[in-house]
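The values are calculated or read from the model by the stated rules, or taken from the named source; none is laboratory data. Note that this is a predicted model, so its numbers are computed, not measured. Note that each Cβ is placed from the backbone with ideal geometry, even for glycine, and that neighbours are counted across all protein chains shown.
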Amino acid sequence: MAETLADKRLEEFLNALPNATREEIGQFKGLVEQYFLGQITPDEFKARRLHMGTYGIRGTKDIHMMRIKVPQGQLTAEQLECVAGVAQDYSKNIAHLTTRQDFQLYWIPTKEAPAAMAKCAAVGLTTREACGNSVRNVTACP
């Protein structure tokens with residue numbers, strides 16, 4: 001399979017991450033590939049993508065919403081710039097701030113989601129367990 005822009009972006013960000021984070025995002029990339037090759041069902045993919053903070057958008061197969069966790073509602077300038085960059089590079093240039101003090105980015109191409117996750121992870125942000133049956137975000141007034 002030829003290397004795509006999504007693959008190049010992902011590799012660039014993964015190189016800067018701790019091993020466990022790199023492996024987890026790499027595993028998710030593998031799941032995305034299996035999903036598009038028809039090797040796993042939509043329901044199997046759903047269970048795993050929710051764990052990684054990625055929601056489906058009705059009526060689409062290849063576009064998702066990603067939730068980025070912001071524990072206690074506090075971000076560094078670098079993290080805020082990263083969220084803006086991910087919104088600009090992977091979404092429609094809009095970040096929605098939720099009532100749980102997280103960011104939601106809509107219209108992210110599914111194949112680009114691992115690269116967006118890796119870019120967030122490089123500045124200490126995660127999408128992991130931001131959806132599904134898990135403890136969501138701890139909110140606070142800093």
Qualifying residue in region 87-100 (condition: buried (at least 18 other Cβ atoms within 10 Å of the Cβ) and assigned to a helix (DSSP H, G or I)): yes
Complete set of residues in region 48-101 that are touching a Pro at 6+ places or on another chain (Cβ under 9 Å), of a type in the set (D, E, K, R) and modelled with pLDDT of 90 or more: 62
Close pairs from region 63-82: first over 12 Å from residue 119 (Cα atoms), partner part of a helix (DSSP H, G or I) and among the β-branched types (Val, Ile, Thr), Cβ under 6 Å, at least 6 apart: 64/110
Residues satisfying the stated conditions in region 65-86, i.e. hydrophobic (A, V, I, L, M, F, W, C) and either over 12 Å from residue 120 (Cβ atoms) or not in a helix (DSSP H, G or I) (or both): 65, 66, 68, 70, 75, 77
One residue from 133, 137 being of a type outside the set (Lys, Arg), surrounded by fewer than 17 Cβ atoms within 10 Å (Cβ to Cβ), assigned to a loop (DSSP other than H, G, I, E, B) and at pLDDT below 90: 133
